[in-house]
Structures are given as C-alpha cells and as structure tokens.
Amino acid sequence: MGPLDVLFHALNFMAPAAALAALLVLGGRFIRSKGALTLSWKAQLAINFIVGCAVLVAGLVVLGRDGKMLTYAALVLACASCQWMLVRGWRS
C-alpha cells in the first residue's frame, strides 16, 4: 500500500467522527437557546472530533476491526454527551 492509499484510509477512518462533530455543532446552533456561548464553534468542533476519533480507535482496538455498529453507537453516544457538556446542557 502506497502513501496515498494510507492517507485515504486514514481520512475515511476519521470521516464519521468529522461528520458527526460538524452535525452536532451546527445542529446545536439551531436547537439551543440564545444564551451565552461557552466555547466557540471551532473549539466545539475540534473537541468533538478528537473525542470521536478516540472512540473510533478504541473500537478498532477492542473489536479488532473497523466499521462495527457497536463502535458507531459508542461514537454517537460519546460525541452527543461531549456536546451536551460543552454547551452546559444541564443548565437549560
């Protein structure tokens, strides 16, 4: 496998985390009340992306292969919980 193939595999591995992070941050702008922002959208996006990538790597290590539904369920749960904490959802 060449270096370009390795790059494409890595980007495709991280794509679900990136898409979910973007959807959570952008969707949260419409759902949340207009209270004071805790973090900028770029910081929320970066934190959700890092959490998502960590969950995907953990799923790969624990389950032995990529693309298991259990890993994706854990990805959604972890990123949604992280976004809830970032916007201080317990206060609303």
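The values are calculated or read from the model by the stated rules, or taken from the named source; none is laboratory data. Here the structure is a predicted model, which means the values were calculated and not measured. Every residue, glycine as well, gets a Cβ built from its backbone with ideal geometry; the counts of neighbours run over all protein chains shown. For accessibility, only protein heavy atoms count, side chains too; no ligands or nucleic acids. Shrake-Rupley method; radii C 1.70, N 1.55, O 1.52, S 1.80 Å.
Points to keep in mind about this one:
- Average accessible surface area per residue within region 10-92, 1.4 Å rolling probe, Å²: 66
- Start at zero, step by 10 Å, and the Cα-Cα distances of the chain spread as 16, 44, 27, 11, 2, 0 percent across the bins.
- Calculated SAXS-style log₁₀ I(q)/I(0) at q = 0.23, 0.26, 0.28 Å⁻¹ - region 44-84, Debye, Cα scatterers: -0.66, -0.80, -0.88
- Area of V87 that stays accessible when all protein chains are in place (1.4 Å probe, Å², to 10): 40
- Per residue, the average separation of C-alpha pairs within less than 8 Å and at least 6 apart gives region 34-89 a relative contact order of 47 percent.
- The loop-placed trypsin sites (Lys or Arg not before Pro) in region 1-80, going by DSSP, that have at most 10 neighbouring Cβ atoms within 10 Å of their Cβ come out as K34, R65.
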